[in-house]
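Taken together, the values in this text are just the output of simple stated rules run on the coordinates, not laboratory data. A quick note: this is a predicted structure, and the numbers were derived from the prediction, not measured. Glycine gets a Cβ as well: all are built from the backbone with ideal geometry, and neighbour counts include every protein chain shown.
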Amino acid sequence: MIVHGVPAAKPEAAVLLDVGARTIETFVGDELGGVKQRLDAYDVIAGLHVRALLRALAYDPGPRRLADLAPPQKTRQLNKRGRVLKITPELLIQGSCGISRPLSDPGKLQAYLRDGETTRLRRRLEADAKALYAFYQYGRLHGAVRLRWGFLDERLPAPWVHHDEPTLYTLMRQALELGLPVEVVAGSAPTWADPWSRVRQCTVLKEPGGWRTYLVGDDGTFIDDADVQLARIVAVVH
């Protein structure tokens, strides 16, 4: 479950995205009372600064696993002169998922709340939830998220992924051992309505005499592992 609320310190609206059922619900104003009951049904709850958000919603997660989608580090030093890059959720979602404007301007959302423009508010909150979901999925697939800014292109560990969970590397090694092809969606985040619509079939190759594996598309082009948003092994039916 992905949860996102605005304003973050004292939510007046919240959106819940069910990862398994692929459904989205938005709660505004008096509807917020229904959030707690919905959250009770899930073992894993993910969101930006999720612990603080749940406290603001007066929800006790108990033993549930919480996945904080906030940046694992706040800054990155760019040079020896001390120039520092502030690492924001937007920066990491853009770098990982290729979404140009991943999260709504908080000021606009508060204006929608103030002016009673609930239709626009719901639409923007649902778009935010979809971006957070794509980011969560990227971290699960790679075990890391991507920091891209100027000359930088680095990986930061995804805190919501345990070290022993399978990643794209694991999947590629399995496909190589089984001699099976892999289907991937690469580039920007998959569409919500049809996430596999841009699927490409690939072969996994191993570096001669080395350990590194590569993805090669059916057209012969190499696919950068870091660009992969979704991946699955294709079972061959005889």
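Structure notes:
- Size descriptor, Kirkwood hydrodynamic radius, that averages inverse alpha-carbon separations across the stretch 54-146, Å: 15.5 Å
- Burial ordering of Trp196, Trp211, fewest other beta-carbon atoms within 10 Å first: Trp211, Trp196
- Spin-label pair Tyr59/Lys108, simplified geometry with 7 Å Cα→Cβ offset, distance in nm: 2.5 nm
- 10 Å-binned pair-distance histogram of the stretch 11-96 (Cα, whole percent): 14, 40, 27, 13, 6, 0
- Among Val234, Val15, Val199, the order by Cβ neighbours within 10 angstrom, fewest to most, reads Val234, Val199, Val15.
- Neighbourhood charge, 13 Å Cβ-Cβ cut-off, centred on Ile45 and excluding it, Lys, Arg +1 and Asp, Glu -1: +1
- Overall form of the stretch 131-181 per C-alpha gyration tensor (a/c, 1.5; a/b vs b/c): prolate
- Most fluctuating residue given options Ser104, Ser96, Ser197, as computed from a GNM of the chain linking Cα atoms under 10 Å: Ser197
- Proxy reagent accessibility, fewest Cβ within 10 Å first, across Asp105, Asp68: Asp105, Asp68
- Straightening the chain between Trp192 and Arg232 buys 12.7 nm, computed as 0.36 nm per residue apart minus the Cα-Cα spacing.
- Between Arg101, Arg81, Arg55, the Gaussian network model of the chain with springs among Cα atoms under 10 angstrom shows the greatest mean-square fluctuation at Arg81.
- Cα lying deepest toward the dipole's positive end in the chain, options Met172, Phe222, Leu78, charges on Cβ: Leu78
- Set against the 2.2 N^0.38 Å expectation for a compact globular protein, the stretch 168-233 has a Cα radius of gyration ratio of 1.09.
- In this calculation the C-beta distance from Val19 to Glu154 is compared with R0 = 35 Å, giving a FRET efficiency of 0.85.
- Each Lys and Arg contributes +1 and each Asp and Glu -1, all at the Cβ; summed about the Cα centre of the chain, the dipole is approximately 880 debye.
- Efficiency of FRET between Lys206 and Val44 - r from beta-carbon atoms, R0 45 angstrom, step 0.05: 0.85
- Distance between modelled label sites at Asp164 and Thr88, nm, 7 Å Cα→Cβ extension: 3.9 nm
- For the options Glu12, Glu117, Glu90, a Gaussian network treatment of the chain with springs between C-alpha atoms closer than 10 Å singles out Glu117 as fluctuating the most.
- The value given for the stretch 96-234 is a Kirkwood hydrodynamic radius of 16.8 Å, derived from the mean inverse Cα-Cα separation.
- Summarising the amide proton neighbourhood of Leu85: residues at separation of 5 or more, or on other chains, whose placed amide H is nearer than 5 Å comprise Arg76, Gln77, Leu78.
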